[in-house]
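S.K.: Please find one structure pasted underneath; my questions will follow.
The values are calculated or read from the model by the stated rules, or taken from the named source; none is laboratory data. Keep in mind the model is a prediction, meaning the values are calculated, not measured. Virtual Cβ from ideal backbone geometry, glycine too; neighbours counted across all protein chains shown.
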Amino acid sequence: MGKDIQHIGVIEKIEHSIVHVRIVQQSACGGCHANSFCPASDSSEKTIEIEDRSGNFSLNEEVRIVMQQSQGMNAVLLVFIVPLALVVSVLAAVGAVSGGNEIVAGLAGLSALIPYCGIIWLIRNKLKKKFVFTLSKIS
């Protein structure tokens, strides 16, 4: 499993074949001994829905969530790289056309994210099938 992304979580809810797992996502420096004093360290709780038809899991059980690293890289591409490239290219194009009007270029660049987010929302079910998480018991 060296090529996998793993998180430890707790099962919050099980509905039919959907298991809701709560994970704590920490920044890279979350394990530092000074993180309680540092404003750069943060953590947030996320709930991930995972399809599992095995019936081998129970509420409040600690489990491991696994995703292939290549899927994680594709997620980073969709969430960070493509929107950044979109904003920068619209910013540059509108800046050149508008004669260097930074306010118009900035608003256009940010406005370009609205249809992008709409497209991502429209294809969310297809993305759920592409980005697959698996559950495993912790030994």
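S.K.: If we keep just the residues of the stretch 41-73 that are part of a loop (DSSP other than H, G, I, E, B) and more than 19 Å from residue 139 (Cα to Cα), which is modelled with the lowest pLDDT? Step through it out loud before you land on a result.
M.R.: Taking the stretch 41-73 first, the residues part of a loop (DSSP other than H, G, I, E, B) are 41-42, 52-61.
Among the residues that remain, those that are also more than 19 Å from residue 139 (Cα to Cα) are: 41-42, 53.
Numbers: 41: 52, 42: 59, 53: 82.
The qualifying residue modelled with the lowest pLDDT is 41.
S.K.: Applying the selection to the stretch 114-137, what residues are in a helix (DSSP H, G or I), more than 15 Å from the chain's Cα centre (by Cα) and surrounded by 12 or more Cβ atoms within 10 Å (Cβ to Cβ)?
M.R.: If the condition is that a residue be in a helix (DSSP H, G or I), more than 15 Å from the chain's Cα centre (by Cα) and surrounded by 12 or more Cβ atoms within 10 Å (Cβ to Cβ), then 116 is the only one that fits.
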